[in-house]
Amino acid sequence: MKMPKHFLFGAASASYQVEGAWNEDGKGVSNWDVFSKIPGKTFENTNGDVAIDHYHRYKEDIGLMAEMGLESYRFSISWPRIFPNGTGEVNEKGLEFYNNVIDECLKHNIVPFVTLYHWDLPQVLEEQGGWRNQATVDAFVRFADTCFEAFGDRVRNWITFNETVIFCSLGYLSGAHPPGIEGDAKAYFQTTHNVFVAHARSVERFKQAGYEGEIGITHVFNPAFSIDNEADNKFAEMHANEFATHWFYDPILKGTYPEYVVKQLEQQGLLPDWTQDELDVLKRTAPMNDFIGLNYYCPQRVMKNDTALVMAGGRENSTGRPGNPSFDGVYKTVLMDDKVYTKWGWEIAPDAFLDGLRMLQARYGDVKIYITENGLGDVDPIVGEEIMDTPRIEYIESHLRAVKHAVQEGINVSGYYAWSVIDLLSWLNGYKKQYGFIYVDHENGLARKKKQSFHWYKEIIATRAED
Ligand code: BGP
């Protein structure tokens with residue numbers, strides 16, 4: 001597929017979902033190591049103790065990525081592998097592992113795109129209040145700084161946080177993620193704010209220290225569309241976009257919170273406790289963000305909802321994407337008869353992806369964008385010796401076309417990362433919800449096998465001559 005020269009074709013993973021080796025080589029315990037072992041929290045009580053054993057097989061996995069022609073690999077660093085106690089002593093073995101991963105990527109001309117926080121918080125910090133606690137913010141900045149220093153000579157692309165909306169809403173509204181708290185809307189908004197401050201302070205450190213390369217954040221991109229043009233439903237659409245998008249993107253890209261949401265939160269006593277210093281750092285660092293990462297899987301179709309005003313969120317397997325917090329009294333997400341859905345009820349809508357990108361450009365201008373996740377969760381059929389994941393090919397192809405269209409319209413999308421490079425652990429859905437180009441045989445010593453989509457993506461990349 002033709003794309004501009006600088007555009008990166010990539011694929012992604014995250015530490016807890018692939019590494020395993022949960023208690024090896026000095027790694028500390030993460031909140032997910034603990035949470036996933038509470039019976040009933042995950043599908044079939046799966047956990048990432050072994051995951052797909054990427055910790056021991058990274059060379060084989062990166063070798064397969066190279067064979068696919070992958071231009072960039074997005075992976076995350078496990079914070080408790082570097083700081084077993086969240087802060088304090090550095091675990092040299094942890095640094096060594098990521099040094100090896102980075103060097104292996106570079107050996108194969110694969111650009112390492114590093115996420116610092118993809119949800120595995122050191123358990124010690126979780127027990128001290130997690131993201132509600134300022135100490136976690138301070139510890140994160142130290143962790144980020146340590147990574148910049150250790151890997152910044154070779155890593156040029158940094159994402160601070162993955163999907164603030166998900167770990168905060170599932171952590172404090174639905175209770176589906178650690179720390180498993182339900183219905184605490186005040187904590188939900190407070191933790192999102194604390195994360196933005198941790199991001200902003202890290203960006204400032206990165207820039208002040210003069211590291212080469214780019215830094216940004218990855219957000220869920222879940223644009224809301226009204227089911228029709230009825231005024232109340234259009235209002236619901238506006239409201240949903242304010243809460244699901246503007247609350248997250250404005251503080252990063254504009255350096256201020258959206259007035260509409262602030263007013264609503266004030267009225268309901270949900271405004272985070274913030275200091276002038278914190279608001280200042282958001283403002284000061286907004287122009288320093290080099291890009292925004294978008295994880296797009298599906299849009300949300302919304303309409304008015306007349307039930308009482310309550311903050312809800314993270315309804316796994318509900319309509320729309322899990323983890324979308326909403327004010328039930330103002331809007332609800334609905335399934336529509338004329339739309340197509342995955343087995344998990346996520347709408348397949350490449351057109352909405354393009355429309356959403358246009359909406360972003362209209363609000364934030366020519367910001368540089370990476371699509372840091374996009375893909376299809378499915379149960380792939382095995383036909384003879386082959387893993388025939390045709391629906392994944394169709395999904396990714398249609399979404400890549402939307403990206404290409406956006407690029408042609410002048411929207412600054414600079415890369416696309418399929419989720420995921422290899423089959424891995426789905427946080428709540430175990431190993432049966434597959435996303436990868438590479439199959440992992442759990443019945444056969446975790447052997448790797450190329451899927452139909454592996455060959456297809458290889459071809460897409462190989463034919464990427466400049467437009
Ligand atoms: C995103 C996460 C990924 C991945 C993906 C698919 O929210 O950043 O880590 O899990 O969603 O989600 P799921 O595994 O629930 O289908």
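The values are calculated or read from the model by the stated rules, or taken from the named source; none is laboratory data. Please read all numbers here as calculations on a predicted model, not as lab measurements. A quick note on method: Cβ atoms are made from the backbone with ideal geometry, for glycine too, and the neighbour counts reach across all protein chains shown.
Which one is farthest from H455 (Cα to Cα) among residues in segment 388-434 that are surrounded by fewer than 22 Cβ atoms within 10 Å (Cβ to Cβ) and within 14 Å of the ligand (Cβ to nearest atom)? Only one residue tops the list, namely L428.
Can you say whether S169 is within 16 Å of the ligand (Cβ to nearest atom), hydroxyl-bearing (S, T, Y) and part of a helix (DSSP H, G or I), as far as the supplied structure shows? The answer is yes for S169.
Take the residues in segment 290-306 that are within 16 Å of the ligand (Cβ to nearest atom) and among the aromatic types (F, W, Y), then tell me which one is farthest from K368 (Cα to Cα).
Going through the qualifying residues, I end up with Y297.
One residue stands out in segment 318-338 among those that are at pLDDT 50 or above and within 17 Å of the chain's Cα centre (by Cα): the one that is farthest from the ligand (Cβ to nearest atom), namely P325.
Keeping to segment 154-166, report how many residues are away from the ligand (no atom under 16 Å from the Cβ) and in contact with a Phe, Trp or Tyr (Cβ under 9 Å, 6 or more places away or on another chain). Going through segment 154-166 one residue at a time, the tally reaches 4. Among residues of segment 392-409 that are on the phi < 0 side of the Ramachandran plot, none has a Cβ under 6 angstrom from a residue that is surrounded by fewer than 17 Cβ atoms within 10 Å (Cβ to Cβ) and among the basic types (K, R) at a sequence gap of 6+ or on a separate chain. Is there a residue being on the phi > 0 side of the Ramachandran plot and outside any loop (DSSP other than H, G, I, E, B) anywhere in segment 49-63? Checked segment 49-63: no residue is on the phi > 0 side of the Ramachandran plot and outside any loop (DSSP other than H, G, I, E, B). Taken over segment 9-48, the criterion of being of a type in the set (G, A, S) and part of a strand (DSSP E or B) is satisfied by G10, A11, A12, S30.
Remark: pairs (first residue in segment 270-296, modelled with pLDDT of 95 or more; second residue of a type in the set (F, W, Y) and within 16 Å of the ligand (Cβ to nearest atom); Cβ separation under 7 Å; 6+ apart in sequence or on different chains) = F291/Y370; G293/Y370; L294/F221; N295/F221; Y296/F221; Y296/F353.
Restricting the first residue to segment 441-465 and requiring it to be under 23 Å from H6 (Cβ atoms), which pairs with a second residue that is surrounded by fewer than 16 Cβ atoms within 10 Å (Cβ to Cβ) meet a Cβ separation below 6 Å and a spacing of at least six or different chains? Between residues of segment 441-465 that are under 23 Å from H6 (Cβ atoms) and residues that are surrounded by fewer than 16 Cβ atoms within 10 Å (Cβ to Cβ), the close pairs are A465/K2. Does F243 satisfy the criteria of being part of a helix (DSSP H, G or I) and within 15 Å of F291 (Cβ to Cβ)? Taking the combined requirement at face value, the residue does not satisfy it. In segment 86-125, of all residues being farther than 25 Å from S426 by Cα and in contact with a Gly (Cβ under 6 Å, 6 or more places away or on another chain), the one that is surrounded by the most Cβ atoms within 10 Å (Cβ to Cβ) corresponds to N91. Of all the numbered requirements in (1) at pLDDT below 95; (2) not in a loop (DSSP other than H, G, I, E, B), M1 misses one, and that requirement is (2). Of the residues that make up segment 276-289, is at least one within 16 Å of the ligand (Cβ to nearest atom), under 28 Å from L354 (Cβ atoms) and of a type in the set (A, V, I, L, M, F, W, C)? No. Here R315 clears all of (1) basic (K, R); (2) at pLDDT 90 or above; (3) under 23 Å from the mean Cα position of the chain (by Cα) except the condition numbered (2). For segment 12-46, filtering for residues that are closer than 17 Å to G171 by Cα, modelled with pLDDT of 95 or more and buried (at least 19 other Cβ atoms within 10 Å of the Cβ) leaves 7. Of everything in segment 362-378 that is under 15 Å from H219 (Cα atoms), surrounded by 18 or more Cβ atoms within 10 Å (Cβ to Cβ) and not aliphatic (A, V, I, L, M), the residue that is farthest from the ligand (Cβ to nearest atom) is Y370.
State whether the residues of segment 13-30 include one that is out of contact with any helix residue (DSSP H, G or I) (no Cβ under 7 Å at 6 or more places or on another chain), among the aliphatic types (A, V, I, L, M), closer than 30 Å to I411 by Cβ and within 16 Å of the ligand (Cβ to nearest atom). The answer is yes; a qualifying residue exists. Can you find, within segment 195-235, the residue that is farthest from the ligand (Cβ to nearest atom) among those that are part of a strand (DSSP E or B) and closer than 17 Å to I166 by Cα? This residue is A224. Within segment 441-462, identify whether any single residue is among the β-branched types (V, I, T) and either in a loop (DSSP other than H, G, I, E, B) or within 16 Å of the ligand (Cβ to nearest atom) (or both), and answer yes or no. Taking every residue of segment 441-462 in turn, none turns out to be among the β-branched types (V, I, T) and either in a loop (DSSP other than H, G, I, E, B) or within 16 Å of the ligand (Cβ to nearest atom) (or both). Scanning segment 397-448 for residues that are modelled with pLDDT under 95 and in contact with a helix residue (DSSP H, G or I) (Cβ under 7 Å, 6 or more places away or on another chain) yields a total of 3. So in segment 122-160, with the set limited to residues that are of a type in the set (A, V, I, L, M, F, W, C) and outside any helix (DSSP H, G or I), which one is nearest to S30 (Cα to Cα)? For segment 122-160, the residue satisfying everything is I159. A single member of G40, G94 is out of contact with any helix residue (DSSP H, G or I) (no Cβ under 7 Å at 6 or more places or on another chain) and small (G, A, S), and it is G40.
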